[in-house]
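The values are calculated or read from the model by the stated rules, or taken from the named source; none is laboratory data. Since the structure is predicted, the reported quantities are computational estimates derived from the model, not experimental observations. Cβ atoms come from the backbone with ideal geometry, glycine included; neighbour counts cover every protein chain shown.
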């Protein structure tokens, strides 16, 4: 029963695990770049969730073919396209913030920065 | 009861607000500024006085302004009791303005514009409290009064004054919070906050515990009345300039507290509820305790203003005692005492201020033989002190007489004894001052003279008036009796 | 200390999400609500309504075109932000 | 008719305004700030028109591109939207006037990107409020957040780090919201709010919905800085340029609260979040703790902006408390407090910015004599602070009255006590400033009057006046809010 569920829904387990890893990177790591890496993992795991939820067994990519066919759900793909752009933009802003911080403090370790800014 | 709509109550409030604005604008020219202050005072008294005939004929004056919150309007209703308080506050403002001019100029005080500005705002809110038709309006003015008197209390801006100011705020804002809670609760249970002659609590199915809780929170809420154990802000607030102590801490602020307490006892809870729940008697004993203990405290004070402050605490409790006895005589005595105490205490404070200005002396122990230098001031002081003790032909006698009758009527002998004992205590803490001032020789030769005329004239006039009231109390008594009739007739 | 707190909150986070898993539709389930309500119309009618065979494109630019406008704004914002953040103060 | 297209105009004007800012800046740098003022003014006027239309003719529904929802995106305007739109757009407009001098001093020479982001931020917030599509809400949330990160990082030395932390928290929040939206979509197949509210009852009680609610609530709580998820806020507000602090304090957290109300009460039904799953009562407890904790932490601060930031944490607690109690009265109070807090806090932050502009002082114990130096500014400060304490007749009193009454109505005595106690705590931390500004040592030397420039002073005075006017005529906003509240709550 449990195994059956895991086989049928392994995609969720994977995304959740990935997301937790990202989450740990964001709140557990002290290096700002590692935080950003965590952030990216965190965001992209959500995209995995969306895209896997759009799957229809035996479906093909949602580009119309001549003959009738089963297509996967196109809407989550659309949403994720937007969300990817958002994630990339956030990362860009985050990285430029990191550069600012490095210029200011000369380090990327959060504890050292906190000490320096006192 | 017949009500007529008129703008007068609104105007009476507005006049001093406008006055405050003009004071602020003309702050750089002292003469014009004080001119406006005086003008606002006189106009205000005129407006308030113009309502006397209407109220004496048994009508009410109403003015409903807009709804601040839905169903909770700013509304004024002038009845006999409110008018009495309004008259006292606005009439004494004129004298106090004159007196302040003398006081502030002689002492070359700083920030005089702020002083007169805040004074005018405080007066507006005192009148607003007097004429409020519901608890909501009353609360608004109550809070404005607290805020606007704060700068007056800390006027001298020394660390000591700032500390006193913090204490003042702590007590009054806390009490404001309690009052707000009580108002919301009353509104929640009854759907109205209007004052009514029979009270509004009865017949709403409020649980008995809740009524008692509400009464307690209401009474904490009227801590401006300075009954024990919520009194200690008042002696601290004596650090304020004397005109402030005189008008605000002997008339406007504390009387506002007493006024609110009375309004709540008689017009929110109503005589029936108060007597059925036994709250009235409990209240009477609390204030009786205050009367005695505050008098004892007064005995120990060497600073004249502080002694007067404790005397105020004790005397204010007379008023609430009278009201809490719930008989016509008691209520009459209580309400009359609002008037009498106002004139007597303001005289005493004016005198204390005159001593400070003329001689720089605040301590009683330093006032030996002062009567030789300042005979007029000292005579006025004696008049006030006699009144406090309830000597016949002074104003204080009238109210004390009614209170004594009431205590006999409800056959509460302990209260009767309290009243008598307090008379003795009054003698005990005032007469040594007088005797020393007249008969004791000063340690050193004294070189000062009477205070300036601006100060001397007002204090002599208020002393005179407190005697006039004692001899011919008919007019104010008529006003009070209308208030009492309304209450008793309304139940 | 802080590390353990982070691990603990990660665990809670993981547990909450896993709690919901059994209730989610199985992967590839054609009967899942997501595939039943709005999506079929896109598949059936997007070609006649927009003339693009790629349904994703059709939705992206047509049905949900304003999301895409938002997307461009995001890029624009990010570009401006990076410019703003990285350019050193003008002396 | 152009008036039919008001909802989309509100957004499009902002987007094109932002696109054109660099071009205008190339012509003349000085034109950027008036341009931002112009755009935000247009948005403000449109919001007012929208509110008027909604009040006169009922709810509006605008189909973007003419596509019928739930296939296309819908902008749905009801009274709550319109009310919050007016607040947000109004604050953006007035702060933009103020910002010209303030940002000119604190962030010199960067007008072009700065005002581009300013317009993006304001438009993003308006978009969050007006949209009727949950995914669109996420997009707008990210637009405004990105702009906010960059703007915050323009402050002093520590601002980049504050902004970075905010970005981490903000991304967690946005990702949670995105995931929650994904769950809702997976279970119902729609993204339209109105459609969701019809379909969601079918999955009430399912664990997925619980997870989705948890994700969205936590995500939005981070955005609104609900205690204990407020940690990003004090740093961000302290180190951001003053005008940006004022803008964010007045609008951004309120927008988060708006989204919370929208999702909890119109997308998911009130009875579900109140009775079946006690989300709301959990929020009220957090809010109550936040009210006290925020006030106490504010007392401990000596940096004026930091103090105001902690006070925001406390005030946000009020709003959530009112919303969470979820009876007619408390809810009205909570929504009214969105208005009051926007007016008060924006005004107070602008005053602190004006003080910094003139003197550079941030420490509240160094403000001696400021009452003489900047009389009008400090007068406005007094009005705002009294309103925060809840002294009548200011707008803070009106909302506090309703909140306390609502708590009493709900029979929650603890909250009544919390609300009233915290007004005393508020008095403590503001009174310290009053004492320093107006009283204290006798200084014999004459303090010269040195008022803030007019372009800063006028918005400040307008805010003070609004705090006062909205307090005196509080029944007008209350009546408006009540219509919405009665329509939503059972």
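Can you run down the residue pairs with Cβ atoms below 8 Å, 6 or more apart or on separate chains, where the first is in region A:7-35 and more than 19 Å from residue A:52 (Cα to Cα) and more than 7 Å from every other protein chain (Cβ to nearest Cβ) and the partner is modelled with pLDDT under 90 and surrounded by fewer than 20 Cβ atoms within 10 Å (Cβ to Cβ)?
Between residues of region A:7-35 that are more than 19 Å from residue A:52 (Cα to Cα) and more than 7 Å from every other protein chain (Cβ to nearest Cβ) and residues that are modelled with pLDDT under 90 and surrounded by fewer than 20 Cβ atoms within 10 Å (Cβ to Cβ), the close pairs are A:30/A:109; A:30/A:110; A:30/A:111; A:31/A:108; A:31/A:109; A:31/A:110; A:33/A:108.
Of the residues D:179, D:154, D:117, only one is facing chain C (nearest Cβ under 10 Å), outside any helix (DSSP H, G or I) and either out of contact with any strand residue (DSSP E or B) (no Cβ under 7 Å at 6 or more places or on another chain) or under 28 Å from residue D:79 (Cβ atoms) (or both); which?
Values: D:179 fails: outside any helix (DSSP H, G or I); D:117 fails: outside any helix (DSSP H, G or I).
Selected residue: D:154, the only one of D:179, D:154, D:117 that is facing chain C (nearest Cβ under 10 Å), outside any helix (DSSP H, G or I) and either out of contact with any strand residue (DSSP E or B) (no Cβ under 7 Å at 6 or more places or on another chain) or under 28 Å from residue D:79 (Cβ atoms) (or both).
Being within 19 Å of residue D:270 (Cβ to Cβ) and under 18 Å from the mean Cα position of the chain (by Cα) is the filter here, so list the residues in region D:194-223 that pass it.
D:217, D:220, D:221
Out of (1) surrounded by 22 or more Cβ atoms within 10 Å (Cβ to Cβ); (2) more than 17 Å from residue C:25 (Cβ to Cβ); (3) within 12 Å of chain C (Cβ to nearest Cβ); (4) touching a residue at least 24 places away in the same chain (Cβ under 8 Å), the odd one out for residue A:39 is which?
Tallying (1) surrounded by 22 or more Cβ atoms within 10 Å (Cβ to Cβ); (2) more than 17 Å from residue C:25 (Cβ to Cβ); (3) within 12 Å of chain C (Cβ to nearest Cβ); (4) touching a residue at least 24 places away in the same chain (Cβ under 8 Å), residue A:39 fails exactly one: (3).
Taking the conditions exactly as written (under 28 Å from residue B:165 (Cα atoms) and at pLDDT 90 or above), does residue D:418 satisfy them or not?
In short, yes.
Here is a list: B:56, B:1, B:75. Which entry is buried (at least 18 other Cβ atoms within 10 Å of the Cβ) and either in contact with a helix residue (DSSP H, G or I) (Cβ under 9 Å, 6 or more places away or on another chain) or at pLDDT below 85 (or both)?
Details: B:56 fails: buried (at least 18 other Cβ atoms within 10 Å of the Cβ); B:1 fails: buried (at least 18 other Cβ atoms within 10 Å of the Cβ).
Going through B:56, B:1, B:75 in turn, the sole match is B:75.
Report, by residue number, each residue of region C:1-49 that is within 9 Å of chain D (Cβ to nearest Cβ) and assigned to a loop (DSSP other than H, G, I, E, B).
C:24, C:25, C:32, C:37, C:38
From the list B:32, B:47, pick out the single residue that is assigned to a helix (DSSP H, G or I) and modelled with pLDDT of 85 or more. Lay out the reasoning, then the answer.
Details: B:32 fails: modelled with pLDDT of 85 or more.
On inspection, the qualifying residue turns out to be B:47.
Test residue D:73 against the stated conditions and say whether it is surrounded by fewer than 21 Cβ atoms within 10 Å (Cβ to Cβ), touching a residue at least 60 places away in the same chain (Cβ under 8 Å), touching a strand residue (DSSP E or B) at 6+ places or on another chain (Cβ under 7 Å) and within 14 Å of chain C (Cβ to nearest Cβ).
No: the conditions fail for residue D:73.
Can you name every residue in region A:49-92 that is assigned to a helix (DSSP H, G or I) and more than 7 Å from chain C (Cβ to nearest Cβ)?
Keep residues of region A:49-92 that are assigned to a helix (DSSP H, G or I), which gives A:49-53, A:74-92.
Passing the criteria: A:49, A:50, A:51, A:76, A:79, A:80, A:83, A:84, A:87, A:88, A:90, A:91.
In region D:132-151, what residues are in contact with a strand residue (DSSP E or B) (Cβ under 9 Å, 6 or more places away or on another chain) and within 9 Å of chain C (Cβ to nearest Cβ)?
Within region D:132-151, D:133, D:136, D:139, D:140 qualify.
Given the criterion over 14 Å from residue C:81 (Cα atoms), modelled with pLDDT of 90 or more and touching a helix residue (DSSP H, G or I) at 6+ places or on another chain (Cβ under 8 Å), identify the matching residue among D:167, D:125.
Checking each option against the conditions leaves just D:125.
For region B:212-251, which residues satisfy the criterion of being within 22 Å of residue B:129 (Cβ to Cβ) and assigned to a loop (DSSP other than H, G, I, E, B)?
Matches in region B:212-251: B:222, B:226, B:227, B:230, B:231, B:240.
Tell me which residues, restricted to region D:374-393, are within 19 Å of the chain's Cα centre (by Cα) and facing chain B (nearest Cβ under 10 Å).
D:389, D:390
Just to be sure before I move on: is residue D:24 away from every other protein chain (no Cβ under 11 Å) and more than 24 Å from the chain's Cα centre (by Cα) in the structure I sent?
Taking the combined requirement at face value, the residue satisfies it.
Does region B:192-211 hold any residues that are in contact (Cβ under 8 Å) with a residue 40 or more places away in the chain and either outside any helix (DSSP H, G or I) or within 26 Å of the chain's Cα centre (by Cα) (or both), and which are they?
Those that are in contact (Cβ under 8 Å) with a residue 40 or more places away in the chain and either outside any helix (DSSP H, G or I) or within 26 Å of the chain's Cα centre (by Cα) (or both): B:192, B:193, B:194, B:195, B:196, B:197, B:198, B:199, B:200, B:201, B:202.
Condition check: in contact with a strand residue (DSSP E or B) (Cβ under 6 Å, 6 or more places away or on another chain) and surrounded by fewer than 15 Cβ atoms within 10 Å (Cβ to Cβ). Does residue C:53 satisfy that?
Numbers: in contact with a strand residue (DSSP E or B) (Cβ under 6 Å, 6 or more places away or on another chain): yes; surrounded by fewer than 15 Cβ atoms within 10 Å (Cβ to Cβ): yes.
Yes: the conditions hold for residue C:53.
The conditions are (1) crowded, with 24+ Cβ neighbours inside 10 Å; (2) in contact (Cβ under 8 Å) with a residue 60 or more places away in the chain, and residue D:101 fails exactly one of them. Which is it?
The number of the failed condition is (1).
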